[in-house]
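Take a look at the structure below.
The values are calculated or read from the model by the stated rules, or taken from the named source; none is laboratory data. In this text, all values refer to a predicted model and were calculated from it rather than measured experimentally. Ideal geometry is used to build each Cβ from the backbone, glycine not excepted, and the neighbour counts take in all protein chains shown.
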Protein chains: 2
Amino acid sequence: MSRSTLHPPPAAGPVRLTAGARTALRPVGNAAILGGFWHRRRAVNADVCIPQGPALLEAAGNLHDLRLAAGGEPGEYRGDFPFMDSDVYKWLEAAAWELARADTPQLARDVERITGLVAAAQEPDGYLNTWFQVTRAGRRYEDLRWGHELYCAGHLIQAAVAHHRSTGKKELLEVAVRFADHIDATFGPGGPIDGFDGHPEVETALVELYRETGERRYLTLAGHFVDRHGHGVLGGEAYCQDRVPLRAQQNVEGHAVRQLYLLAAAADLAAETGDEELAASCERLWSAMVATKTHITGGLGAHHDEEDFGDAYELPTERAYCETCAAVASVHFSWRMALLTGRARYSDLIERTLFNGLLAGVALDGERWLYVNPLQVRDGHTDGGGDQSARRTRWFRCACCPPNVMRLMASLEHYVASTDDAGLQIHQYAAGRYGGEVRGAPTIVSAHTDFPWSGRIRLIIEESPQDRPWTLSLRIPQWSAGHTVTVAQRRIEAPAGGDGWLRLERTWSPGDEVVLELDMRPRLVGADARVDAVRGCVAIERGPLVHCLEGVDHPGGGLDDVVIDTTRPLSAVERPGLLGGLTVVTASGRRRTPAEAGWWPYRSVPRADGTGPDHNPHQEGELTLTAIPYYAWANREDGPMRVWIPAF
Amino acid sequence: MSRSTLHPPPAAGPVRLTAGARTALRPVGNAAILGGFWHRRRAVNADVCIPQGPALLEAAGNLHDLRLAAGGEPGEYRGDFPFMDSDVYKWLEAAAWELARADTPQLARDVERITGLVAAAQEPDGYLNTWFQVTRAGRRYEDLRWGHELYCAGHLIQAAVAHHRSTGKKELLEVAVRFADHIDATFGPGGPIDGFDGHPEVETALVELYRETGERRYLTLAGHFVDRHGHGVLGGEAYCQDRVPLRAQQNVEGHAVRQLYLLAAAADLAAETGDEELAASCERLWSAMVATKTHITGGLGAHHDEEDFGDAYELPTERAYCETCAAVASVHFSWRMALLTGRARYSDLIERTLFNGLLAGVALDGERWLYVNPLQVRDGHTDGGGDQSARRTRWFRCACCPPNVMRLMASLEHYVASTDDAGLQIHQYAAGRYGGEVRGAPTIVSAHTDFPWSGRIRLIIEESPQDRPWTLSLRIPQWSAGHTVTVAQRRIEAPAGGDGWLRLERTWSPGDEVVLELDMRPRLVGADARVDAVRGCVAIERGPLVHCLEGVDHPGGGLDDVVIDTTRPLSAVERPGLLGGLTVVTASGRRRTPAEAGWWPYRSVPRADGTGPDHNPHQEGELTLTAIPYYAWANREDGPMRVWIPAF
């Protein structure tokens, strides 16, 4: 990172709270990731993923469908889903956040052109959904369970807010406002339709539109939608978040992304209105979700069938669904909770999700994607590719995930830091520059680190009020068994509080330096005993990274018979030439010799049974296990993979 | 069982091989289950399930749809699937087998009436599918992947064969022959359509029609259909059994029921034509399926999504699909393999499937059904009921399973015994009377047993050639750790051969008695180490029965934290008053005290880790585990259940 790049970027990012919002923390006004791990991943997003968007959306038919709806092009509707438009909107949102950082002329032209297509496709009364306009004329809002009309509207609104916030331009915002007004007139209290969209998204978008325009009707409408869920208006299914009102719900359920977008909206509402019951419901549901329905990668969703959360502790490995979109939605929800409550654990989950469940969704070269993110691919797995396969794919028939990752990556710096009355908080250790107003004065902290390869994070006070103390708060990650802190090169005792924050209150001066060292020793991790799917297994972690074994690193027999020796030490090994440069963890293990089981795979076991660790004295097939970070899997070949490694 | 009931029943049953068939064994001409366990289960089938069929088919719209197609009734088509007719045909088949045993006037009238509806709905050219006739006129055979037209034809043909074989009546057979001739003209080699049905069933039905009518065209057409699979004609998907030709396939794949019906047809063809390549493929695929893709209950199918087999060793517990229809299909396939090869293991799997995976599909009172048969239901499982839930349901929207169980149960005696040139084989230990021609003379053996509650089976020679020796062969079940045999009250040494048969060659006389004692001690069973889903767990079995824990027997805390102590003995306890009378197995266990894990359910483990059996010296929460037979679960309340019990 060169010091000359340290300009404060524009204050464009999601979740720009209003002055009246009641939260513990507030997003920072300035944020820039300027080096290190995330800078490299974002460069791929900015240089490969986002620029390819228009051509991919053209090839998949989405832009054609907009022209079709506008009456400017002949042809048939293309694409199989009523939410084709939302892929365009999510790309626009990603491009808009990117434009806040660098006003690339080609990207600006693409955004302008596609904004024009969107505006042209809008009906005079504000309605816009090309699927219904072209193939279901006259049947608006007849199928709220599956129609996705308000879901698409939500993504349009989010894109418009991003575009306006980033560039000050109003073209897309005007389209969004027209649609929002139409929706308010149709679905608002007293309007002709009592209902909501089976796929939440418009709710949180309406809160953001309120934040951007100051028009309180949108906030009211968002609250109305959130509270209409759970009364059976859409048939009472958990899939549509309609089985039980959020305020009474005890655990997350149904379609994971739908649940998470709804929760993000509820957290937004709690922040903007001070609704304590809603805030308590969000906290309760986040805690239940994390304790019982979250994979170690932060992945969410246990069922392929209906993309459902599944039961508590039902966390399969091969069939982990962990939709990439659910990882995006989880970050959205958790960040709102972090601001609302000020507790560090929300950013613990964000860190885990970003480095694992989310980042695995995009190939290292930015060219291919995963929709589902399994924790195990077996030897001999047959897979035809496509949307819900365990194989990276260029684009999906249902292409919700790629532009969702793009928009999150393009706005990533806004999840790194926050301020409150006492000072500034660092949530994520991403090299860069973060600042806002602290105690009435502009305050900027820069972060310098090679995290997650190193656990050393150097923070420098760049600007600060110099006449009064304030608190620099550092999140001590849940995974770090210990840490050290030096301030101005003097080691100090600074334990983290029960809420996960290490607080350093000082009268700071520009140039002051804080160095945090986290415990980066690789570790073995076990699951709650009720997670039946991984009983007798351990996972390997280092820092925030979950690791996994890949077949390509273990030639000669696949992974179905690999066993780890948990009594032997782990080693971290830097591999600068591997997969863009990373640190692997090695462990001792062996290949189990398949039992002579005969034709039937189940057999009587002795009473003092054989279910304990198998201390085979021969150690036949001893081998070194090499665990790469999970985010990097399936970038060399399509083969077996496993996160959870049997201990016997 | 009273001796006076021992009349040889009519020789009506499925798989009546032709004289030219080349199999190791042949079905017996006479078979009657006359007491004991299966007699009681069949009484429910005959007295409750089958008589209720017409009213249920009326309520679900199937009979209405037939009248609609016949033009005799106004109204809209009812039901959501193109295979509504097959439910009617499967019921007719069940009723036909039942009529072979007891010519109940009401049942005979129902069969006659419904046969009339079917005949009236048939088109003049032989085509018959009410869904297409009513809702898709002119679009026959346009959607072979999903249209199920030949699938329904297959069930019609099977029903017609059963009806003709059981009663000698031709009405339904004539309908079936007209449809079969239409299909042959349309799809036969050189016909206008090159294709097959995405859901196999017509193939095995055509072989049976050949057996019933002697018309070789039907056998040829069946062979043509089987060999057209796997060449991409239907798009190349495993779901439709179109990814790879059966003759080259290495493991079962795709939709489980589709795969199994296709394999049953292949085995039928191998039997009737002597096609050794096809026979070898069937053996290879059966062995791969059993070794890698079969649940301990005999249940098949690991994915809810597409009702798919899943990968080798992917055998989840909560999401075990194990469709009841797949259990029926597995019995069909395995019985054909038992006859083809003469190996006892095929009947081992049949026994396991009948007593567990299949029988669980119908409630003890015959009033409710399971479509999927999970091996675990968690504490707090939320379930809306319906087709693919873990809750017993009165009838399904997709009601394939109930009449499938009915037809299997109604023909159960035909899977019990066989003959060959050397003598008679007893495959299943069902009290009754079984006989055929052995060495040119009528031979009958009666079986007297309370199996599976007792392991004692008394066999009495009722009729026999008295001037020449023949071999009585008894299957020694895979699960029996030892057995004793007495012949005429003298204990003899008689081990089973490598093929699973215990052979007793004698010159037998009427009244000769053989007593077989199997090892009925309850046992703990573990899985192949590659079955990750159940690592560190054991199952409890006794005889052919897999047992399970139910929440209702373990009040005060559910089953998610139950642990078995595998060092303590198991006990079998007769419970005549429980669930119609059964033997439970008790074991020692405890309730795990949930760890203080904090908000995140994964945590570092010591190197010499905590994954081994937890010999908690305090044994807090010690409790006696009571395991009922799996077939009887969910007959008291809808609560938690588990087959696999953690050992730590």
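Against the conditions (1) in contact with a helix residue (DSSP H, G or I) (Cβ under 6 Å, 6 or more places away or on another chain); (2) assigned to a loop (DSSP other than H, G, I, E, B); (3) hydrophobic (A, V, I, L, M, F, W, C), residue A:69 satisfies every one except (2).
Could we say that residue B:341 is within 14 Å of another protein chain (Cβ to nearest Cβ), closer than 20 Å to residue A:560 by Cβ and among the β-branched types (Val, Ile, Thr) here? So residue B:341 does not fit the description; no. Criterion applied to B:397, B:368, B:336, B:378 was being over 11 Å from the mean Cα position of the chain (by Cα) and within 14 Å of chain A (Cβ to nearest Cβ), and the one residue passing it is B:378.
Residue-by-condition table, conditions (1) in contact (Cβ under 8 Å) with a residue 40 or more places away in the chain; (2) of a type in the set (Gly, Ala, Ser):
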| residue | (1), (2) |
| --- | --- |
| B:296 | yes, no |
| B:300 | yes, no |
| B:303 | no, no |
| B:309 | yes, no |
| B:322 | yes, no |
| B:327 | yes, yes |
| B:331 | yes, no |
| B:335 | yes, no |
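Flag: residue A:153 does not match the condition of being aliphatic (A, V, I, L, M), in contact (Cβ under 8 Å) with a residue 60 or more places away in the chain, crowded, with 21+ Cβ neighbours inside 10 Å and under 20 Å from residue A:325 (Cα atoms). If the condition is being closer than 18 Å to residue B:602 by Cβ and either small (Gly, Ala, Ser) or surrounded by 18 or more Cβ atoms within 10 Å (Cβ to Cβ) (or both), then the stretch A:502-520 contributes A:518, A:520. Of all residue pairs spaced 6 or more apart or on separate chains, those with beta-carbon atoms under 7 Å, a first member in the stretch B:129-147 that is more than 11 Å from residue B:66 (Cα to Cα) and a second member that is among the aliphatic types (A, V, I, L, M) are B:141/B:193; B:144/B:234; B:145/B:234. It is to be established whether one or more residues within the stretch A:279-293 are in contact with a His (Cβ under 7 Å, 6 or more places away or on another chain) and in a loop (DSSP other than H, G, I, E, B). No - not one qualifying residue is present in the stretch A:279-293.
Within the stretch B:629-648, the residues that satisfy the criterion of being of a type in the set (A, V, I, L, M, F, W, C), over 12 Å from residue B:553 (Cα atoms) and more than 10 Å from chain A (Cβ to nearest Cβ) are B:632, B:643, B:645. Got a sec? Which of A:495, A:576, A:477 is buried (at least 17 other Cβ atoms within 10 Å of the Cβ) and within 31 Å of the chain's Cα centre (by Cα)? Of the residues listed, the single one that is buried (at least 17 other Cβ atoms within 10 Å of the Cβ) and within 31 Å of the chain's Cα centre (by Cα) is A:477. Here residue A:623 fits the description: more than 8 Å from chain B (Cβ to nearest Cβ), under 29 Å from residue A:357 (Cβ atoms) and modelled with pLDDT under 95.
Taken as a whole, the stretch B:120-132 holds at least one residue that is over 27 Å from the mean Cα position of the chain (by Cα) and of a type in the set (Ser, Thr, Tyr). Scanning the stretch A:228-252 for residues that are in contact with a Phe, Trp or Tyr (Cβ under 6 Å, 6 or more places away or on another chain) and among the hydrophobic types (A, V, I, L, M, F, W, C) returns a single hit, A:252.
Note on the stretch B:449-568: enclosed strands (runs of 3 or more DSSP E) holding 3 or more residues that are modelled with pLDDT of 95 or more and more than 13 Å from every other protein chain (Cβ to nearest Cβ) are B:456-463, B:470-475, B:483-487, B:490-492, B:501-506, B:513-518, B:545-550.
The set of residues from the stretch A:296-311 being buried (at least 23 other Cβ atoms within 10 Å of the Cβ) and facing another protein chain (nearest Cβ under 9 Å) comprises A:296, A:302, A:310, A:311. Considering (1) of a type outside the set (Gly, Ala, Ser); (2) away from chain A (no Cβ under 11 Å); (3) buried (at least 24 other Cβ atoms within 10 Å of the Cβ), the lone condition that residue B:276 does not fulfil carries the number (3).
Quick grid of which residues meet (1) among the basic types (Lys, Arg); (2) surrounded by fewer than 17 Cβ atoms within 10 Å (Cβ to Cβ); (3) farther than 28 Å from residue A:99 by Cβ; (4) not assigned by TED's automatic domain parsing to the domain that holds residue A:219:
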{"position": "A:159", "(1), (2), (3), (4)": "no, no, no, no"}
{"position": "A:163", "(1), (2), (3), (4)": "no, no, no, no"}
{"position": "A:166", "(1), (2), (3), (4)": "no, no, no, no"}
{"position": "A:172", "(1), (2), (3), (4)": "no, no, no, no"}
{"position": "A:186", "(1), (2), (3), (4)": "no, no, yes, no"}
{"position": "A:189", "(1), (2), (3), (4)": "no, yes, yes, no"}
{"position": "A:200", "(1), (2), (3), (4)": "no, no, no, no"}
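When you look at residue B:526, is it in contact (Cβ under 8 Å) with a residue 12 or more places away in the chain and within 30 Å of residue B:646 (Cα to Cα), yes or no? Taking the combined requirement at face value, the residue satisfies it.
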